[in-house]
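Following: one structure in structure tokens, then a few remarks.
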Amino acid sequence: MAAVYCWRFFPGGGIFNRKFVLKVKAAEIPAVTNLGITASADGISAQCEFSGYRTGTDYAIQLYLHEMSENGARNEISCKDVEPESSGTGIAVTEGVQVNSGVYMATTVTKMRNGGEPAFYAYKDSLMYDVVKGEGGYVITEHQNADDGSNNNPGSGGKRRSDQSDYGRGVSGCRHEELVFEITQPATVEEDALQEGRCSACGETLSYAVIPNSAYAAFLQETVQKIQRAVKPEVVITTRRWVSFNRAVFEAMAERPDVAVTVNYQYDGTLYEVTIPAGSDVSNLVDENGFCGFRCLDQVFEGKELTEPNKK
């Protein structure tokens, strides 16, 4: 059974302008443990153990091997789509790759196959490892900071050879049965809100997700507020991303018949301008879904294409 999300989306409702907490039961989210780097005759690989990842699950796990550059950037070396098991438990290993000596890390990405509602992405990194290629194969040790001798990731140091079985470290063992989702970056009119998912028991961050359409909701809300609070006879709305209004915007126009609304927008690479005169009847503009596109407004109110000098 997939996780059940208690989630409702109200365009223009304003929930994306403040932090809120959303609790979900998530006992069936697959758990990834013992994530790390291993070596074989074929080269080095990323490896992990998983549980709660059964055939037919709504989730998908991808396992990555990354080389870490000096500036912290990750270079993908190999990737594997982890196949679920009927038992729900197993071990996944990426294909062995011959690599040069350097610093490497394993990463898993867990996501819902259908995108989820809300969208769910969980990222998990291993420690960073120094990989040294020698005549007898690879020697793998936990990466040490030059200044204090500590690993760049949480965890204690310690050397191990590539033929040892304890290739990585697990988490606390918490089952993560309840997740708390919090908006850590509110939506703007251009960027969707960012949501963090944490275990309510141990506090571990398990996911980061972008809230779909939250930027559009922020745009609609800002437009409504501009119309409602207008002190001049005209409100100008400028957008290069959005191409429609919802019912709430037209209701705000009806409440302020003394205000004209001019929209400067971009469609298919071309800039347009349309003005809805003050006092216009906008009651029948929206479609059966409660929206009206700017190209439709152009036809009704005789919009125009902006010439090159007026483009911003």
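The values are calculated or read from the model by the stated rules, or taken from the named source; none is laboratory data. Predicted model, so just to flag it, every value in this text is computed and none were measured. Every residue, glycine among them, receives a Cβ derived from its backbone with ideal geometry; neighbour counts consider all protein chains shown.
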The range 91-105, subset within 25 Å of the chain's Cα centre (by Cα) and not aliphatic (A, V, I, L, M), residue farthest from M128 (Cα to Cα)
T94
Inspect the range 257-279 for any residue being modelled with pLDDT of 95 or more, assigned by TED's automatic domain parsing to the domain that holds T239, touching a Lys or Arg at 6+ places or on another chain (Cβ under 9 Å) and surrounded by fewer than 17 Cβ atoms within 10 Å (Cβ to Cβ) and give the result as yes or no.
yes
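Residue-wise test of (1) assigned to a strand (DSSP E or B); (2) surrounded by 13 or more Cβ atoms within 10 Å (Cβ to Cβ); (3) assigned by TED's automatic domain parsing to the domain that holds V132.
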position: S45; (1), (2), (3): yes, yes, yes
position: F50; (1), (2), (3): yes, yes, yes
position: G56; (1), (2), (3): no, no, yes
position: E67; (1), (2), (3): yes, yes, yes
position: N71; (1), (2), (3): no, no, yes
position: I77; (1), (2), (3): yes, yes, yes
position: E95; (1), (2), (3): no, yes, yes
position: T107; (1), (2), (3): yes, yes, yes
position: K111; (1), (2), (3): yes, yes, yes
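Given the residues A146, A215, which is the only one that is modelled with pLDDT of 80 or more and on the phi < 0 side of the Ramachandran plot? First the steps, then the outcome.
On the way: A146 fails: modelled with pLDDT of 80 or more.
None of the others qualify; the one that does is A215.
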Could you figure out which of (1) in a loop (DSSP other than H, G, I, E, B); (2) at pLDDT 95 or above isn't true of S283?
(2)
